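The values are calculated or read from the model by the stated rules, or taken from the named source; none is laboratory data. The structure presented is a predicted model; accordingly, all values stated were derived computationally and were not measured. Cβ placement follows ideal geometry from the backbone for every residue including glycine, while neighbour counts extend to all protein chains displayed.
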């Protein structure tokens, strides 16, 4: 099998290898991590997750493929791991494509080489060097796969006995427009030019882009390999990984002076760094685009520059290692940013924590929301959206911007829910007639207004005015089936760029985000979203609240971290994780349908995770779904025997008595659940 295809097929065996060699965790597709040990504890929840062709550990952040697992699990050397995997799964390797193509162009090269002097298209390279690499000339060349094509004059540069580059020798002005994109035609599988030299005794190599660039460096006394294209970096890495000599060699990266060359240079630096390969970046080309252009225009200076790189390679490598270490230190060393940390503490004196408006919740969260990622999860009909929306309104009351991404409900529905809540709040504040409070439907349905009495109309007007007073700080972006995590990140940036305050971000809800990768699994797409939201909270120092829905299997179970398993990385990446559950869930007498029919519904918010505070606390709420209103009952006592006597209410009064409004619920069973 052709080498690249074999590698890809071997990567697909990662699940089989994990099942055979790793210890299974309690969660689907997750295992004990053989790098950091996650999952070896008593709870048995490993963080190493297996995907289609790769793995990722949410604990130590280690990622890789089947070859990395084999190296770690069995101690197989890097240069032997591919063959080991191939033998294990019965896959043959062929790194030359000779068997597939069954082509050997050696005779063709020799014939073309005889005609090398029939052209003066030698690009400044001596005949000795061109002959050494069997470079030749074909006056009437046709691509082997296109024997009917028009013959053209070509310089033939062998890259292996089964592959070569055929370069058009005509001037650009002489080449018809429709042929110009074929001036450099590749025949056969990709091979790195002069790759055999990597197995020889030479120890210093220039890495350049084109075959002519490599020949140019060789012509002035250096040694070089040519990628053929910046897209062939993986081919070079494969050669180096397989020959086992790279760690004893030194490489001078000298790619073209353009954007593609700059990007490829950075890729090579990263990959060489991972492999502990000695390298430096050095450009002998002066102001010219590439080595061949430099050779043709200023041979003597180019020759001296190439020699300088070779003579000083050790010093250049050391200098760049020291610079890389200093760059690394500036980014990550605690000593460097300790003063910034101290300054940040002083500055934080004036940084206001963002209260959620739920007093017991704020008490547990040390005052409210901070920079970080917050997750709120529940089964359907428990009011996830309503809870988050009420929190958003309460945050806006404290003067903070809130940016809501509503991927299911319309903007009008959210506004109506808030105004509905305001009607019951005003009734409570004024000790008015609760029958005048209005549902979401009662707010949105225009034809109902003709039947409302003056008191009801004044109540709605007052509720709208109350919402108007905070509306300048609430921003709602509707989902249209095309909202991805990337979309949300960009729209948060846009919000801030318009001169608005950094907002509290609410995403409602996680499972209906448009996938980042249509071919990816739900798990990988969810992981991608969560990690981007976490990065967003960190980069802009804002709270990001993500709502997550549980599946039906959790309807009769107490809320736990397990319920978030299908929500990807949310379990690991959130700073605070809150689960909403029906009060009494998990007991023998509990019936979910009965509990959901209660008016008000008795809800508990369970603090499942709190990275910087208390975990395991519960807060009780009376949820009046009809009016989109959560009334905070209080916090559970330490022995979980009940709620503390101090009750809370959004209005600052004692908690609303259920009996005060319970009677009206008997006459109207409609509700506006999320």
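Name the residue, out of 370, 374, that is in the same structural domain as residue 507 (by TED's automatic domain parsing), at pLDDT 85 or above, touching a strand residue (DSSP E or B) at 6+ places or on another chain (Cβ under 8 Å) and farther than 16 Å from residue 400 by Cα.
Details: 370 fails: farther than 16 Å from residue 400 by Cα.
Of the residues listed, the single one that is in the same structural domain as residue 507 (by TED's automatic domain parsing), at pLDDT 85 or above, touching a strand residue (DSSP E or B) at 6+ places or on another chain (Cβ under 8 Å) and farther than 16 Å from residue 400 by Cα is 374.
Pairing each residue of the range 304-320 that is closer than 11 Å to residue 222 by Cα with any residue that is at pLDDT 95 or above and part of a helix (DSSP H, G or I), provided the two are 6+ apart or on different chains, yields C-beta distances under 6 Å for 306/217.
Summed over the range 1-49, the residues that are at pLDDT 85 or above, surrounded by fewer than 18 Cβ atoms within 10 Å (Cβ to Cβ) and farther than 18 Å from residue 73 by Cα give a count of 2. When you look at residue 319, is it more than 30 Å from residue 550 (Cα to Cα) and modelled with pLDDT under 90, yes or no? Spelling it out, it is not the case that residue 319 is more than 30 Å from residue 550 (Cα to Cα) and modelled with pLDDT under 90.
Would it be correct to say that residue 73 is closer than 18 Å to residue 10 by Cβ and surrounded by fewer than 18 Cβ atoms within 10 Å (Cβ to Cβ)? In short, yes. Scanning the range 499-538 for residues being more than 10 Å from the chain's Cα centre (by Cα), surrounded by fewer than 17 Cβ atoms within 10 Å (Cβ to Cβ) and more than 19 Å from residue 377 (Cα to Cα) gives a total of 11.
What do you reckon, is residue 552 outside the structural domain of residue 45 (by TED's automatic domain parsing), modelled with pLDDT under 80 and surrounded by fewer than 20 Cβ atoms within 10 Å (Cβ to Cβ)?
Numbers: outside the structural domain of residue 45 (by TED's automatic domain parsing): yes; modelled with pLDDT under 80: yes; surrounded by fewer than 20 Cβ atoms within 10 Å (Cβ to Cβ): yes.
The answer is yes for residue 552.
In summary, no helices (runs of 4 or more DSSP H) completely within the range 432-516 bear 3 or more residues that are closer than 17 Å to residue 385 by Cβ and in contact (Cβ under 8 Å) with a residue 40 or more places away in the chain. What about residue 157, is it in contact with a strand residue (DSSP E or B) (Cβ under 8 Å, 6 or more places away or on another chain), surrounded by 19 or more Cβ atoms within 10 Å (Cβ to Cβ) and in contact (Cβ under 8 Å) with a residue 40 or more places away in the chain? Yes; evaluated as a whole, the condition is true for this residue.
I'm told residue 150 meets every condition in (1) in contact with a helix residue (DSSP H, G or I) (Cβ under 9 Å, 6 or more places away or on another chain); (2) modelled with pLDDT of 90 or more except one. Can you identify the failing condition by its number? For residue 150, the exception is condition (2).
With farther than 15 Å from residue 466 by Cβ, in a helix (DSSP H, G or I) and in contact with a helix residue (DSSP H, G or I) (Cβ under 8 Å, 6 or more places away or on another chain) as the only criterion, which of 408, 413 stands out?
413
Within the range 50-63, being surrounded by 17 or more Cβ atoms within 10 Å (Cβ to Cβ) and either assigned by TED's automatic domain parsing to the domain that holds residue 528 or under 21 Å from residue 276 (Cα atoms) (or both) holds for one residue alone: 62.
Within the range 596-655, being in contact with a strand residue (DSSP E or B) (Cβ under 8 Å, 6 or more places away or on another chain), at pLDDT below 55, on the phi < 0 side of the Ramachandran plot and in a loop (DSSP other than H, G, I, E, B) holds for 637, 644, 645, 646, 647, 648, 649, 650, 655.
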